[in-house]
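Following: one structure in structure tokens, then a few remarks.
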Amino acid sequence: DDEVQKMANLYIIMNSLSKTWSCTGWRLGWVICPSHLTENLRAVHDQMVLQAPTPIQVGAQALLDIPKEYYLKMTSKYQERRDFLVQELEKLGFECTQPNSAYYAFMRFRNVPALKGFSKPIDASIFLLKEIGVATVPGDNFYYNGHNTDYIRFCFCRQMPQLQEAVKRLQKLQEYNAETALKQK
């Protein structure tokens, strides 16, 4: 209990509706922290946002009352989608450390023959979007100063039929090699 008391003034908990409730466009969140920090947080908040629209606040209240079973079912669905997408991407040569949270797979693309010629993740992502029809996010955005250029991020929050379609499109990567893919750039 002494350790918990020591932590009482050292925490800041931030959360939002975005990921947990699949409301990525709502941009509504909250902070729980010791009262001595709220004045500074409110000063920053006042300069960044005006207010959350009333319908979003009402919707958020309803979401916070969803029974626990919802989350258990959602977790199971995301695990199924993650397992499917990661397995299929690995068949194409992508490498992944299995994600344990969120709904993104951070994939190393350097062993995918069609993509290994791209020097920047943005180029690989643009190729995938234009030529394959699958949107990804360049992984160097998640590194300090873009330090690592070997990764792109896939999202698996979509429904299984959309993920299956994405995999079907990604299988077209097998028709390319590094030289032919770079010519499409």
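The values are calculated or read from the model by the stated rules, or taken from the named source; none is laboratory data. Remember, it's a predicted structure, so these values are computed and weren't measured experimentally. Because the Cβ atoms are built from the backbone with ideal geometry, glycine has one as well, and the counts that use them run over all protein chains shown. These accessible areas exclude ligands, DNA and RNA; they are computed on the full protein's heavy atoms, side chains included. Shrake-Rupley method; radii C 1.70, N 1.55, O 1.52, S 1.80 Å.
Please go through the stretch 18-67 and pick out each residue that is assigned to a loop (DSSP other than H, G, I, E, B) and open to solvent by 80 Å² or more (accessible area, probe 1.4 Å). It would help to see each step written out before you state the result.
Step one: of the stretch 18-67, the residues assigned to a loop (DSSP other than H, G, I, E, B) are 21-28, 33-34, 49-53, 65-67.
Hits for the stretch 18-67 are Trp26, Arg27, Leu50, Gln51, Asp65.
Filtering the stretch 77-115 to residues that are hydroxyl-bearing (Ser, Thr, Tyr) and either under 20 Å from Val167 (Cβ atoms) or surrounded by 12 or more Cβ atoms within 10 Å (Cβ to Cβ) (or both) leaves Tyr78, Thr97, Tyr103, Tyr104. Listed by first and then second residue, the pairs linking a residue in the stretch 57-85 that is at pLDDT below 90 to a residue that is part of a helix (DSSP H, G or I), with Cβ atoms under 7 Å apart and 6 or more places separating them unless they lie on different chains, are Ala60/Leu17; Leu63/Leu17. Restricting attention to the stretch 125-163 and to residues that are in a helix (DSSP H, G or I) and closer than 16 Å to Thr97 by Cα, the residue that is least open to solvent (accessible area, probe 1.4 Å) turns out to be Gly139. Output the residue which, of all residues in the stretch 1-17 that are touching a helix residue (DSSP H, G or I) at 6+ places or on another chain (Cβ under 8 Å) and outside any helix (DSSP H, G or I), is farthest from Pro55 (Cα to Cα). Of everything passing the filter in the stretch 1-17, Asn9 is farthest from Pro55 (Cα to Cα). Filtering the stretch 87-106 to residues that are over 15 Å from Gln171 (Cβ atoms) and either modelled with pLDDT of 95 or more or assigned to a loop (DSSP other than H, G, I, E, B) (or both) leaves Glu95, Thr97, Gln98, Pro99, Asn100, Ser101, Ala102, Tyr103. Filtering Ala166, Ala62, Ala124, Ala102 for residues that are closer than 24 Å to Thr20 by Cα, of a type outside the set (S, T, N, Q) and more than 17 Å from the chain's Cα centre (by Cα) leaves a single hit, Ala62.
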